[in-house]
Amino acid sequence: NIKSAKAEKGIIYLLYSDPSLLNNKNLDETDFSSPYLANIFVALKEQIKKEVMPVVATLSQRLTSDEISILTEILNEPTELSQSEKALDDYIKIMKTEKLKRHGSDGDGPNLNEIASKMRESKGYGG
């Protein structure tokens, strides 16, 4: 899922750049669609919880070479940081919506109309 992957990469970039953004965020590795990105997130989260500034060299002890390559690629993409808190919140909403779509498509989860209804309710408007 391209939309989710972009949001996931954005989250990783923002958390690497400003670890304090993780505070009070409802986000875990099960929200990620890519196992590679989920594992990078877990490694970042572990460093942040230890109050250690994330550094590629330190993360390389926990991540595979493929994951380090992905992380390096993410960190080399130009990204605007001026509204990082809002961007992170937007990325999380995208990820959670895409997760609902993934799990809703198997017939056991909510359908897209239910998802849209929940989004309208959380945004406080009906249209």
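Report, by residue number, each residue of the stretch 55-106 that is under 15 Å from the mean Cα position of the chain (by Cα) and loosely packed, with under 12 Cβ neighbours inside 10 Å.
Lys86
I want to confirm something. Restricting to the stretch 74-127 and keeping residues that are basic (Lys, Arg) and modelled with pLDDT under 75, which single residue is nearest to Leu14 (Cα to Cα)?
Lys123
Looking at the stretch 30-41 only, could you name the residues that are open to solvent by 20 Å² or more (accessible area, probe 1.4 Å) and either among the small types (Gly, Ala, Ser) or touching a Gly at 6+ places or on another chain (Cβ under 9 Å) (or both)? If you could, list the steps in order and put the result at the bottom.
Our first condition is that a residue be open to solvent by 20 Å² or more (accessible area, probe 1.4 Å); within the stretch 30-41, this holds for 30, 33-36, 39.
Ser33, Ser34, listed by residue number.
Do we find a residue being open to solvent by 10 Å² or more (accessible area, probe 1.4 Å) and among the hydrophobic types (A, V, I, L, M, F, W, C) anywhere in the stretch 42-49? Quick ask: steps written out before the conclusion?
First pass over the stretch 42-49, keeping only residues open to solvent by 10 Å² or more (accessible area, probe 1.4 Å): 42, 45-49.
Next, only the ones that are among the hydrophobic types (A, V, I, L, M, F, W, C) stay: 42, 48.
Yes, the stretch 42-49 contains at least one residue that is open to solvent by 10 Å² or more (accessible area, probe 1.4 Å) and among the hydrophobic types (A, V, I, L, M, F, W, C).
Can you name every residue in the stretch 4-20 that is open to solvent by less than 20 Å² (accessible area, probe 1.4 Å) and within 13 Å of Asp90 (Cα to Cα)?
Across the stretch 4-20, the qualifying residues are Ser4, Ala7, Glu8, Gly10, Ile11, Leu14.
The values are calculated or read from the model by the stated rules, or taken from the named source; none is laboratory data. Here the structure is a predicted model, which means the values were calculated and not measured. Reconstructed Cβ throughout: ideal geometry from the backbone, glycine too, with neighbour counts over all protein chains shown. Accessible surface areas use protein heavy atoms only, side chains included; no ligands, DNA or RNA. Shrake-Rupley method; radii C 1.70, N 1.55, O 1.52, S 1.80 Å.
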